[in-house]
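The values are calculated or read from the model by the stated rules, or taken from the named source; none is laboratory data. In this text, all values refer to a predicted model and were calculated from it rather than measured experimentally. A quick note on method: Cβ atoms are made from the backbone with ideal geometry, for glycine too, and the neighbour counts reach across all protein chains shown. What goes into the accessible areas is simple: the full protein's heavy atoms, side chains included, and nothing from ligands, DNA or RNA. Shrake-Rupley method; radii C 1.70, N 1.55, O 1.52, S 1.80 Å.
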Amino acid sequence: MTASAPARTSWVPLIGLFLAQILMSYNVAALPVTLGSMVDDFGVPPTDVSTAIVVYGLFVAALVMVGAKIGQRIGWVVIFRVVVLVFAASALIMILSPGVGWVILAQALAGASAAIIVPALVALIAENYHGRQQETAIGSLGSARALAGVTAFLLGGTLATFVGWRWVFAVVLVIAVAVFVLSFGLTASRGNPGIKIDVVAAVIIGLGIMCLTLGVNNLNGWGCCRRPRTPRSTCSGSPPRPC
């Protein structure tokens, strides 16, 4: 006897997961596009605004392992909806931010949310799709990153140039709301309260990743083993003497 083919699952929930991948990738790609406009708006050096980009990456790298544990403990659908709402809140802060400090705070929230969204996408696809559908769903996430990058540079660049950089993140808010609505079509098993999270190890890993990232990012200024010394200037005269 031949085995019956597995029942096909609706592709509608995948649209939400696809948009969630676009949400993260679009946000990251939109930051460099809007950097110049934010510098002019806030009247701060470019390094202050670029700190938001570094903070986003730091929070993603430091919390992604903990995020996977939290998702297994609480349940992927529940935690996915929560962090999407947090991502929407970060977009709202970006839109209303009166200063660069609020921009950095918003990107810290976005990075912490992305640290849970990344493993949640894989887990939710594994629980909602099987066989060839699962292969197609996982492959779609890769195309979502490319699409988000192109959209951020074309749409985001146009909005930042002719309308204002805040409207670029209004798109992020709209996408986050759409992902939250579509998440109600997802199904997943309940979390396992028996899974334990090693808080001490999580803190050590997070601090280690943050120190490593900051060290590499500031290698030119700090030096590999010691701070590079700049040559001392000399005053005119014979013989030359230090100023």
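For this structure, a couple of remarks:
- Dipole axis of the chain (+1 Lys, Arg; -1 Asp, Glu on Cβ), positive-most option in Cys224, Phe80, Asn27: Cys224
- Calculated Rg and Dmax of the chain using C-alpha coordinates, Å: 22.5, 102
- Cα-based helix-to-principal-axis angle, 100-128 vs the chain, degrees rounded to 10: 30 degrees
- Computed over the stretch 69-141, the P(r) tail beyond 18 angstrom holds 49 percent of alpha carbon pairs.
- Summed over the residues of the stretch 24-138 and divided among them, the accessible surface reaches 39 Å² per residue at a probe radius of 1.4 Å.
- Percentage of interatomic Cα-Cα distances in the stretch 1-135 larger than 27 Å: 31 percent
- Rounded accessible area per residue of the stretch 162-226, 1.4 Å, Å²: 69 Å²
- Debye, to nearest 20: dipole size of the stretch 1-158, +1 on Lys, Arg Cβ, -1 on Asp, Glu Cβ: 540 debye
- The C-alpha atoms of the chain define a longest principal axis, and helix 12-42 lies at about 20 degrees to it.
- Note on the stretch 35-121: with neighbouring protein chains present and a 1.4 Å probe, carbon and sulfur make up 75 percent of its accessible heavy-atom surface.
- Along principal axes, Cα extents of the stretch 43-108, largest first, whole Å: 44, 22, 10
- Helices in the chain, meaning DSSP H runs of at least 4 residues, each add -39500 (n - 2.57). Divided by all residues, the mean residue ellipticity at 222 nm is -25000 deg cm²/dmol.
- Cα-based helix-to-principal-axis angle, 199-217 vs the chain, degrees rounded to 10: 50 degrees
- When Rg and Dmax are taken over the Cα atoms of the stretch 99-185, they come to 15.6, 49 Å.
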